[in-house]
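The structure appears right after this line, and notes come after that.
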Amino acid sequence: MSNHGPSAAGCELAGRVALVTGGAKNIGRAISLALAAAGAAVAINTLSSREDAEAAVQEIRAAGGDADVFLADIADAAAVHAMAAGVIKRFGKIDILVLNASQRREIPFKDMTFDDWRNTMSITLDGSFHCIKACLPSMLANGGGNIITLGGDAVLLGGNRKAHNTTAKNGLVGLTRALAQELAEDGIRVNCVSPGSFNTTRPAHRSARGDPKGKIPLGRRGEPEEIASAVRFLCGPGGGFITGQTLHVNGGAFIFA
């Protein structure tokens with residue numbers, strides 16, 4: 001067990017341990033760095049982006065925090081439980097679980113196979129189930145915790161070539177609400193942070209989005225750090241009376257929806 005996070009005063013998550021799935025790149029990376037800046041020790045999960053995860057770990061350690069990489073396929077229940085055991089062995093417990101990993105490949109529904117459909121569900125929904133089941137005993141033993149799911153604007157707007165992802169993300173919102181009620185008596189808060197259009201590195205198979213001006217009142221895409229700030233807030237004392245909610249971080253894009 002090691003010291004958790006920077007020693008500077010004002011670190012509201014000092015002494016906490018966070019596990020961030022898909023925490024090596026883009027929004028997941030920003031969340032990992034933000035939780036570490038708040039004083040938490042951070043377990044960065046990735047399946048295939050080990051170099052990116054190691055780079056994030058080194059950045060956190062250089063700033064005086066504590067972090068480590070945990071490789072696991074969250075669709076594999078055994079791998080997830082082994083990962084959770086490894087995090088607890090390394091840091092002593094798990095207080096915060098951020099469910100960021102998901103499958104975002106775009107496929108027209110007419111071309112979508114059942115394997116395409118199941119692959120997305122296995123990561124976004126089944127993976128969330130496995131991670132929560134694996135981390136919950138530690139949260140219960142420690143008298144509370146925070147679970148954050150990551151939604152998306154397609155939950156309310158739908159999504160062209162994203163029927164599988166839209167369905168899975170709606171499932172996450174339902175899971176968030178159900179567990180918020182069930183786990184409240186155990187001191188565990190469960191919330192969803194839902195990104196709109198953000199500046200991230202996009203794989204080649206994802207379509208480029210057009211100019212957001214005219215569609216987003218603030219006239220720009222968001223930055224990953226702005227999602228990370230919302231996650232940090234919900235996990236800290238400022239979010240202490242918030243549970244079962246979906247926080248839309250989208251520059252006002254739903255005002256006219």
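Summary of computed values
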item: Count of residues meeting criterion [under 13 Å from Cys135 (Cα atoms), hydrophobic (A, V, I, L, M, F, W, C) and out of contact with any strand residue (DSSP E or B) (no Cβ under 8 Å at 6 or more places or on another chain)] in the stretch 80-118; result: 4
item: Among (1) at pLDDT 95 or above; (2) outside any helix (DSSP H, G or I); (3) of a type outside the set (Asp, Glu), the one test that Ser102 misses; result: (1)
item: Residue list for the stretch 235-251, restricted to those being assigned to a loop (DSSP other than H, G, I, E, B) and either modelled with pLDDT under 95 or farther than 20 Å from Leu150 by Cβ (or both); result: Gly240, Phe241, Asn250, Gly251
item: Qualifying positions in the stretch 218-244 - more than 19 Å from Arg16 (Cα to Cα) and either among the charged types (D, E, K, R) or free of Cβ contacts under 8 Å to residues at least 60 places away in the same chain (or both); result: Leu218, Gly219, Arg220, Arg221, Gly222, Glu223, Glu225, Glu226
item: Filtered residues of the stretch 220-238 (kept if in contact with a Gly (Cβ under 7 Å, 6 or more places away or on another chain) and under 15 Å from Ala36 (Cα atoms)); result: Phe233
item: Residue within the stretch 145-159 that is in a helix (DSSP H, G or I) and free of Cβ contacts under 8 Å to residues at least 24 places away in the same chain present; result: yes
item: When residues of the stretch 199-217 are limited to those that are hydrophobic (A, V, I, L, M, F, W, C) and either in a loop (DSSP other than H, G, I, E, B) or within 27 Å of Val17 (Cα to Cα) (or both), the one modelled with the highest pLDDT; result: Ala204
item: Residues within the stretch 105-126 that are part of a loop (DSSP other than H, G, I, E, B) and of a type outside the set (A, V, I, L, M, F, W, C), tallied; result: 4
item: Residue that is modelled with the lowest pLDDT [pool: residues in the stretch 7-21 that are out of contact with any strand residue (DSSP E or B) (no Cβ under 7 Å at 6 or more places or on another chain) and under 22 Å from Met139 (Cα atoms)]; result: Cys11
item: Residue within the stretch 110-125 that is touching an Asp or Glu at 6+ places or on another chain (Cβ under 6 Å) and within 24 Å of Leu183 (Cα to Cα) present; result: no
item: Close pairs (6 angstrom Cβ cut-off, 6 or more residues apart or separate chains): without any contact (Cβ under 8 Å) to a residue 60 or more places away in the chain in the stretch 52-65, part of a helix (DSSP H, G or I) anywhere; result: Ala56/Arg29; Ala56/Ser32; Ile60/Ala36
item: Within the stretch 108-128, tally of residues that are closer than 20 Å to Leu47 by Cβ, touching a residue at least 12 places away in the same chain (Cβ under 8 Å) and not acidic (Asp, Glu); result: 10
item: Residue count for the stretch 137-178, restricted to those that are over 27 Å from Thr200 (Cβ atoms), of a type in the set (A, V, I, L, M) and surrounded by fewer than 21 Cβ atoms within 10 Å (Cβ to Cβ); result: 3
item: Number of positions in the stretch 60-82 that are surrounded by 15 or more Cβ atoms within 10 Å (Cβ to Cβ), assigned to a helix (DSSP H, G or I) and not hydrophobic (A, V, I, L, M, F, W, C); result: 1
item: From the options Ala85, Ala134, residue that is of a type in the set (A, V, I, L, M, F, W, C) and surrounded by fewer than 16 Cβ atoms within 10 Å (Cβ to Cβ); result: Ala85
item: Conditions (1) buried (at least 20 other Cβ atoms within 10 Å of the Cβ); (2) under 17 Å from the mean Cα position of the chain (by Cα): number failed by Asp126; result: (1)
item: Criterion (in contact with a helix residue (DSSP H, G or I) (Cβ under 6 Å, 6 or more places away or on another chain), surrounded by 13 or more Cβ atoms within 10 Å (Cβ to Cβ) and at pLDDT 95 or above) met by exactly one of Arg232, Arg189; result: Arg232
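The values are calculated or read from the model by the stated rules, or taken from the named source; none is laboratory data. Just so it is clear, the structure is predicted and the values come from calculations on it, not from any experiment. Note that each Cβ is placed from the backbone with ideal geometry, even for glycine, and that neighbours are counted across all protein chains shown.
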